[in-house]
Amino acid sequence: MEIRIYYEDTDCGGVVYYANYLKYFERARTRYLEERGLSVAELRDGGTQFMVVHAELDYRSPARYGDTLTIDTSLAAVGQASLTFAHVMRERTSGRVVVEGSAKLVTVDDNLKVKRLDKPTLAALHRLDIDPGGAALFATISGCLSQRSIKSGWALHFAGAGTKHRCRFCWHAGRWLCRLFCTGCLYHRYDNV
């Protein structure tokens, strides 16, 4: 999905106002689902709404008036009553990463009470390409991380051998693996300790 940056999107410093990225990610999530045959409007009409309960953004570089940004969106996790999306936004021409983020949404009824997804919707979501933790999106940016399957799910491991690393988000220190969602963080990026 592409977003063109207009003057109204920027702040007094001439860069995109930080909260606007949340709006762009909302558009990308809606398009992601609709391109895969799940209409948010039809779900809402059927008594299922989505509410964001957690959003996380990492600003990597500024976007300015006139830029065109691309948003890569993946479904990181599906629960009985929740969805977690991962987003990476890049400047179209250079490929420079502007923002990375994630959002966890819960499904609620018309009274805003949490409700489980119905079986057909849940089955449709499980058929989508689920990318735990947005690992593939982040791995394509950094080039140093890869994902591999482990017994209880997915994890990221660092390509360098024998080094200790620490996840920047949950500060879980591990030699090779830091299980995804160990403390709710979605992108496990490592810094050398």
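More than 23 Å from ARG127 (Cβ to Cβ) and of a type outside the set (Gly, Ala, Ser): which single residue out of ARG92, ARG36 fits that description?
Residue meeting the stated conditions: ARG92.
Taking region 1-21, which residues are aliphatic (A, V, I, L, M) and either touching a residue at least 60 places away in the same chain (Cβ under 8 Å) or touching a helix residue (DSSP H, G or I) at 6+ places or on another chain (Cβ under 8 Å) (or both)?
The answer is MET1, ILE3, ILE5, VAL16.
For region 1-52, name all the residues that are open to solvent by 60 Å² or more (accessible area, probe 1.4 Å) and among the hydroxyl-bearing types (Ser, Thr, Tyr).
TYR6, TYR7, TYR17, TYR18
Do any strands (runs of 3 or more DSSP E) lying entirely in region 1-106 carry at least 2 residues that are acidic (Asp, Glu), and which ones are they?
Filter on region 1-106 gives 49-59.
For THR70, all conditions in the list (1) surrounded by 18 or more Cβ atoms within 10 Å (Cβ to Cβ); (2) closer than 22 Å to ILE5 by Cα hold save one; what is the number of the exception?
Of everything listed in (1) surrounded by 18 or more Cβ atoms within 10 Å (Cβ to Cβ); (2) closer than 22 Å to ILE5 by Cα, THR70 misses just condition (1).
With within 28 Å of GLY47 (Cα to Cα) and at pLDDT 95 or above as the only criterion, which of LYS119, LYS104 stands out?
LYS104
Being out of contact with any Phe, Trp or Tyr (no Cβ under 9 Å at 6 or more places or on another chain) and in contact (Cβ under 8 Å) with a residue 60 or more places away in the chain is true for just one of ARG64, ARG29, ARG92. Which residue is that?
Going through ARG64, ARG29, ARG92 in turn, just one is out of contact with any Phe, Trp or Tyr (no Cβ under 9 Å at 6 or more places or on another chain) and in contact (Cβ under 8 Å) with a residue 60 or more places away in the chain: ARG92.
Starting from residues that are in contact with a strand residue (DSSP E or B) (Cβ under 9 Å, 6 or more places away or on another chain) and without any contact (Cβ under 8 Å) to a residue 12 or more places away in the chain, keep the ones in region 32-51 and report whichever is nearest to ASP67 (Cα to Cα).
LEU33
The values are calculated or read from the model by the stated rules, or taken from the named source; none is laboratory data. Here the structure is a predicted model, which is why all the values come from computation and not from measurement. Positions of Cβ are backbone-derived with ideal geometry, glycine not excepted, and every protein chain shown enters the neighbour counts. Just so you know, the surface numbers come from the protein's heavy atoms only, side chains and all, with ligands and any DNA or RNA stripped out. Shrake-Rupley method; radii C 1.70, N 1.55, O 1.52, S 1.80 Å.
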